Amino acid sequence: AMKGLIINWNIPFVHSLLPKAVFIYIKRDPVFNAQSLILSRENFFGSRNHWYSFKPPEYSMLEHLNPYKQVAGQVYFTNRAIERGLSQIDTKNWLKISYEEFCNDPSKAYKSIKEKLALHSYEMTSNYLGPQQFLPTNNINIEEEKFDLIRQFYEEFCRT
């Protein structure tokens, strides 16, 4: 198991190397995802103006925008790359799980992962033994007008 940030843009290639791998896409509400990036910038650099995390191929288009439009674009283009990559491989090799649903019922996600792995002859004999729930962190933690700005920018990216 690994968190595959760099794989986001190379799913079909990685699949060609590891044809029995199961890709798990945990998709979070994109506006809260973008807010998390803004807060990570602030925590890591002390400023919301410095890029944080991987740069999508569209970085040159985003780099001169304001930080709220940057994170909206960063999330949009990353999610788009993941979804395009997954669409190019067999559905038995990937699983999309909502972050919010995962937090509410991780045992359901565990069961789904177990079922996908079984399609590749992997057997998970144990039952889920983890927490019944996780506390989702989908709370507005920045100025509400900045949060609304991120939402607006994200919606703009979706329309293009």
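The values are calculated or read from the model by the stated rules, or taken from the named source; none is laboratory data. Small disclaimer: the values here were computed from a predicted structure and weren't measured. Here the Cβ positions follow ideal geometry from the backbone for every residue, glycine too, while neighbour counts run over all protein chains shown. Accessible surface areas use protein heavy atoms only, side chains included; no ligands, DNA or RNA. Shrake-Rupley method; radii C 1.70, N 1.55, O 1.52, S 1.80 Å.
Results, tabulated for the structure shown:
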item	result
Condition check for Ala109: in a helix (DSSP H, G or I), among the small types (Gly, Ala, Ser) and either under 24 Å from Cys158 (Cα atoms) or within 12 Å of the chain's Cα centre (by Cα) (or both)	no
Qualifying residues in the range 58-82 (those that are part of a helix (DSSP H, G or I) and without any contact (Cβ under 8 Å) to a residue 24 or more places away in the chain) - the one farthest from Gln152 (Cα to Cα)	Ser60
Arg48 being in contact with a His (Cβ under 6 Å, 6 or more places away or on another chain) and either in a helix (DSSP H, G or I) or open to solvent by 30 Å² or more (accessible area, probe 1.4 Å) (or both)	no
Condition check for Ser53: within 23 Å of Asp148 (Cα to Cα) and either in contact with a Gly (Cβ under 8 Å, 6 or more places away or on another chain) or open to solvent by 40 Å² or more (accessible area, probe 1.4 Å) (or both)	yes
Close pairs from the range 19-44: first more than 20 Å from Phe157 (Cβ to Cβ), partner open to solvent by 40 Å² or more (accessible area, probe 1.4 Å) and part of a strand (DSSP E or B), Cβ under 6 Å, at least 6 apart	Phe23/Trp94
Members of the range 112-135 found to be open to solvent by 90 Å² or more (accessible area, probe 1.4 Å) and either part of a helix (DSSP H, G or I) or aliphatic (A, V, I, L, M) (or both), listed by number	Glu115, Leu119, Leu129, Leu135
Set Ser121, Ser126, Ser112: member being more than 30 Å from Thr160 (Cβ to Cβ), in contact with a strand residue (DSSP E or B) (Cβ under 8 Å, 6 or more places away or on another chain) and hydroxyl-bearing (Ser, Thr, Tyr)	Ser112
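One line per residue, one yes/no per condition, for (1) within 22 Å of Gln70 (Cβ to Cβ); (2) open to solvent by 30 Å² or more (accessible area, probe 1.4 Å):
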site	(1), (2)
Met2	no, yes
Asn10	no, yes
Val14	no, no
Lys20	no, yes
Tyr25	no, no
Val31	yes, no
Ser36	yes, yes
Arg41	yes, no
